[in-house]
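Data first, discussion second: the structure below is written as structure tokens.
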Amino acid sequence: PDSTLLFPRGVGYRVLETIVVPPTIHVKMVGRLVYSGTENVPVMVIGNAETTIMNKFYELRVSRSTQSDWSDEQVIGVKAFNLDSCHLNVLEAQRCTIGVQTIGSRGFAYTKAILGRLVNNKIALDVTTSGTGWTNDNIFEGGRMTVNSGVHTDKSRYGIRITSGGDYRNNNNVFEKPAMELSQP
């Protein structure tokens, strides 16, 4: 049977390494996961490039303890592979180069992603594919995509980036009411 990993209410759970969630686990975070290490790595990775994850629920809150310098795209808040018919609720992803990255290396499809505070990331939401994978028929709802006025004022920033990193495509994805307050430049 599937299990649920619960992060109860608290100030935050400090980690020094990436938390990797296997395909059979649901995650519910009431408390925030805070990466305090020095490596340029994701805070949390859900699944892997070889496996499709079906019918799972994720409620996530992640942050880095220090602001990313935005030079390395491996500095990711939540990196999710191949979700199929899942619920991905990212209430918070802060201080990374990429706040939330969805990757279809086999297929990222029919998933509802509810986005909350994606703050001080160079790229708030990155929707991509790799190899012969695809990303299609997903609903991305909301998202307060904000970069505070004093953060990296000399660098470009993006609310949503959609790319195809392989032979296949992104199509039929719906973005409902994202709010982008990206300041300058």
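The values are calculated or read from the model by the stated rules, or taken from the named source; none is laboratory data. For clarity, every value in this text was computed on a predicted model and none was experimentally measured. When we count neighbours, we look across all protein chains shown, and the Cβ atoms used for this are built from the backbone with ideal geometry, even at glycine. For the accessible areas, the whole protein counts, side chains as well, though only heavy atoms, and no ligand, DNA or RNA atoms are used. Shrake-Rupley method; radii C 1.70, N 1.55, O 1.52, S 1.80 Å.
Just a few scattered comments:
- Looking at Glu73, Glu92, just one residue is open to solvent by 60 Å² or more (accessible area, probe 1.4 Å) and of a type in the set (Asp, Glu), and that residue is Glu73.
- If you go through the range 13-31 and keep only what is closer than 19 Å to Ser65 by Cα and either open to solvent by less than 60 Å² (accessible area, probe 1.4 Å) or among the aliphatic types (A, V, I, L, M) (or both), you end up with Val15, Leu16, Thr18, Ile19, Val20, Met29, Val30, Gly31.
- When the range 132-157 is limited to residues that are out of contact with any Leu (no Cβ under 6 Å at 6 or more places or on another chain), in a loop (DSSP other than H, G, I, E, B) and closer than 15 Å to Met180 by Cβ, the one that is least open to solvent (accessible area, probe 1.4 Å) turns out to be Val151.
- Residues located in the range 135-169, provided they are over 14 Å from Gln101 (Cβ atoms) and aromatic (Phe, Trp, Tyr): Tyr168
- Filter result (of a type outside the set (S, T, N, Q) and either at pLDDT 95 or above or open to solvent by 80 Å² or more (accessible area, probe 1.4 Å) (or both)) within the range 3-12: Leu6, Arg9, Val11
- The number of residues in the range 107-131 that are of a type in the set (A, V, I, L, M, F, W, C) and either open to solvent by 10 Å² or more (accessible area, probe 1.4 Å) or at pLDDT below 95 (or both) comes to 2.
- Test: residue in the range 119-137 that is among the basic types (Lys, Arg), in contact with a strand residue (DSSP E or B) (Cβ under 6 Å, 6 or more places away or on another chain) and under 21 Å from Glu92 (Cβ atoms): no
- Only one entry of Thr102, Thr51, Thr129 meets the criterion of being in a strand (DSSP E or B), β-branched (Val, Ile, Thr) and over 27 Å from Gly12 (Cβ atoms), and that entry is Thr129.
- In the range 1-16, the residues that are under 12 Å from Val62 (Cα atoms) never reach a residue that is modelled with pLDDT under 90 with C-beta atoms less than 7 angstrom apart, at least six apart or across chains.
- Pairs meeting the criteria (first residue in the range 172-185 and within 13 Å of Arg144 (Cα to Cα) and open to solvent by 90 Å² or more (accessible area, probe 1.4 Å), second residue of a type in the set (Lys, Arg) and at pLDDT 95 or above, beta carbons under 9 Å, at least 6 apart or on different chains) are Met180/Arg144; Glu181/Arg144.
- Of the numbered criteria (1) more than 20 Å from Thr146 (Cα to Cα); (2) open to solvent by 10 Å² or more (accessible area, probe 1.4 Å); (3) under 13 Å from the mean Cα position of the chain (by Cα), the one Asn55 fails is (3).
- Residue, modelled with the lowest pLDDT, within the range 158-171, restricted to residues that are in a strand (DSSP E or B) and crowded, with 18+ Cβ neighbours inside 10 Å: Asn170
- Filtered by the rule that a residue be in a strand (DSSP E or B) and within 16 Å of Phe108 (Cβ to Cβ), the range 22-43 gives no residues.
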